[in-house]
Amino acid sequence: MSSDAFDPEQPPQPPPSEDWSARIEVLLAEAEATPAGAERTGALCQVAEIYDRRLADPNGALLTLQAALADDPASGRVIQEMERIARGHGLWGELADTTAEVARALEDRKLAADLWVQIAFWNETGRAQLDAATVAAETALALEPAHGGALALLENLHRRLRSWDRYVEILGRRAQAGADPARLADGYREVLRYEPRHVPALEGLARAQEENGEWEAAAGLRERLVAALPSPSPEAITARYRLAHLLKERLADPRAAEEQLALALALPGGDVDVPSLLLLAAIYRERTG
């Protein structure tokens, strides 16, 4: 008998290769038998990982994760795995499309809006497609008008695109949601650097300064607003009334307020503007009282 049969230094035999397709079948069967939840999501994430790392099939991985996301739209783990695959293989477009399919099928508007915001973020950061990102974020906002993530993204996107009208609208909605007036004021100032007579930006900045108690600065903004508005117009009457109110109540200058009210009342329709008439009557009453 050959001595080789007893050689303790025989090289180890390689382990048998894993049958990854069979492993996928097992995991899918487990997922199918498991109610929707963390355990089922975990099984599908394992399947996606095998597709990606063992079978070099990132598209198969994304499709599997799409199914996991449909089961659990709020799963941070699924979102992270999808993003990892898209980043590693340059599949940002496919990622956005598969996630959009899930979002469109959801009945829960909040969950759908969350996914659209995520799509917008990917379109902005992964694909550098600001227009596509804006469309996705606007879709989220249409579903949930007070969605903080959508508002924050749209504020940034419209500023970068210099879509000033919509940017100012978003700032106004953030103001209603309690955003910091000083931060909002910076946004309005940026608009006015490019468009000094932008009426909504002038109004927004005046309001922000009033909230901060910057009365003289607010009065200056309201004077610019009066000059920027077409005259005669109902808007011009309202603007002069608001300036007059500020001058009287905050700057203790009733004479300047009276001048603004006289100009407002001289405009077509001004003589029947009730707020202006009441404020003028209060000025006369205080003067004679």
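The values are calculated or read from the model by the stated rules, or taken from the named source; none is laboratory data. As the structure is a prediction and not an experimental result, all values here were calculated from the model. Glycine gets a Cβ as well: all are built from the backbone with ideal geometry, and neighbour counts include every protein chain shown.
The figures follow:
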quantity	calculated
Scan of region 102-140 for residues that are among the hydrophobic types (A, V, I, L, M, F, W, C) and surrounded by fewer than 19 Cβ atoms within 10 Å (Cβ to Cβ), ordered by number	ALA105, LEU106, LEU111, PHE121, ALA128, LEU130, ALA132, VAL135
Test result for VAL135, of a type in the set (Val, Ile, Thr) and in contact with a Leu (Cβ under 9 Å, 6 or more places away or on another chain)	no
Wholly within region 20-130, helices (runs of 4 or more DSSP H) carrying at least 2 residues that are touching a residue at least 12 places away in the same chain (Cβ under 8 Å) and closer than 30 Å to LEU157 by Cα	58-71, 76-89, 92-105, 109-125
Residue ID - farthest from the chain's Cα centre (by Cα), chosen from residues in region 204-257 that are assigned to a helix (DSSP H, G or I) and among the acidic types (Asp, Glu)	GLU249
Among residues of region 170-189, those that are charged (D, E, K, R) and surrounded by fewer than 16 Cβ atoms within 10 Å (Cβ to Cβ), counted	4
Residue that is farthest from ARG242 (Cα to Cα) [pool: residues in region 265-279 that are assigned to a helix (DSSP H, G or I), in contact (Cβ under 8 Å) with a residue 24 or more places away in the chain and not hydroxyl-bearing (Ser, Thr, Tyr)]	GLY270
Condition met for GLU210 (on the phi < 0 side of the Ramachandran plot and either assigned by TED's automatic domain parsing to the domain that holds LEU279 or in contact with a Ser or Thr (Cβ under 6 Å, 6 or more places away or on another chain) (or both))	no
Qualifying residue in region 252-262 (condition: modelled with pLDDT under 95, out of contact with any Ser or Thr (no Cβ under 8 Å at 6 or more places or on another chain) and either of a type in the set (Asp, Glu) or closer than 22 Å to ARG197 by Cα (or both))	no
Evaluation of ALA136 against (1) in a helix (DSSP H, G or I); (2) over 15 Å from the mean Cα position of the chain (by Cα) (one fails), failing number	(2)
Residues being surrounded by 20 or more Cβ atoms within 10 Å (Cβ to Cβ) and either of a type in the set (S, T, N, Q) or closer than 18 Å to ALA219 by Cα (or both) - total across region 255-279	6
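Condition check ((1) surrounded by 17 or more Cβ atoms within 10 Å (Cβ to Cβ); (2) at pLDDT 95 or above; (3) within 26 Å of ARG173 (Cα to Cα); (4) of a type outside the set (Gly, Ala, Ser)) across all residues:
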position	(1), (2), (3), (4)
ASN212	no, no, yes, yes
LEU221	yes, yes, yes, yes
GLU235	no, yes, yes, yes
THR288	no, no, no, yes
